[in-house]
Each structure stands twice: as structure tokens, then as C-alpha cells.
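Quick notes on the structure that follows.
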Amino acid sequence: AKKKTKMADDEPMEEAPADAPAEGEVEVAEMSVLDALRDVLKRALIHGGLKRGLREVAKALDSRTAKLCCLAKDCDNAEYSNLVRALCDEGGVSLVMVDEGKQLGEWAGLCKINEEGEATSVVRCSAACVTEFGED
């Protein structure tokens, strides 16, 4: 019986250290959904494609310009969250739930940044949507 060999088996391979990334590979840090969302919101804010608050979000969803919508889970007004959910369903817009309104407010730029680069005096935001991602 003749043993089949693959081309990779024929050539000796140099062992690279386990912690070093392979050549040609860019080391990508693990990014959670919320980290990715924060980056998307910041990029949209820079490019002027971020709507914050019920009035702006409702107008963007109604005019079908919204591409992604965020809603805070701790929103205390049921009518508010039901309206945003209904408008998202009607327009086929993806809805991302964020744990806290303060967190969403910080990501949407409703805060001041101090000298250390930390967010201070964050304003709560229950809804935000992206109408323009900036760059794809």
C-alpha cells in the first residue's frame, strides 16, 4: 500500500514561537458586540450620521434613513420603548439593546471628556440610531 502524502508534509516547517503572530497575519484583539457598537457609534458621530433622543430617532426611523438603532434596557417609559421597537420592526431596522442609558449616552457623545480621557457628566440617552456609518 502506497502512503499518500500532502505537499505540506514533505517540507520541513520552521517552528514559530506560540505567542508570536504568523507572518502576514494581523493580530486582531477579541472585540465584543458592545465594543464594536461603541466604535460604530463614535464613527457615526464624527461623520454626522448619529441621531440621539426619541424625536431624532423617530424621525430617522420614519423616513427610513436609519440603518441601525440602539435602545437602553433601563428605559423606564414603556410607551417610549414600544414606539422605537415598532418603528424598527416596520422599517426592518436592526435593534441593539444596551444595558444602561448612561452607557449609551457616553457612546453617543453626550458627555464631557476630562484631561485623563475619562467621560464625566454623562447624560442618559435611551435611544440612538445610525443613519450614516462613516466609512464602511
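The values are calculated or read from the model by the stated rules, or taken from the named source; none is laboratory data. Please read these numbers as outputs of a predicted model, since none were measured by experiment. Cβ placement follows ideal geometry from the backbone for every residue including glycine, while neighbour counts extend to all protein chains displayed. Calculation scope for accessible area: heavy atoms of the full protein, side chains included, ligands and nucleic acids excluded. Shrake-Rupley method; radii C 1.70, N 1.55, O 1.52, S 1.80 Å.
Here the spin labels are modelled as points 7 Å beyond Cα on the Cα-Cβ line, and at ARG43 and ILE113 they lie 1.7 nm apart. Once you treat every alpha carbon in segment 73-136 as an equal point and sum by Debye, what is log10 I(q)/I(0) at q = 0.12 Å⁻¹? One equal scatterer on each Cα of segment 73-136 leads to -0.38. Surface exposure of segment 77-136, expressed per residue as accessible area with a 1.4 Å probe, stands at 58 Å².
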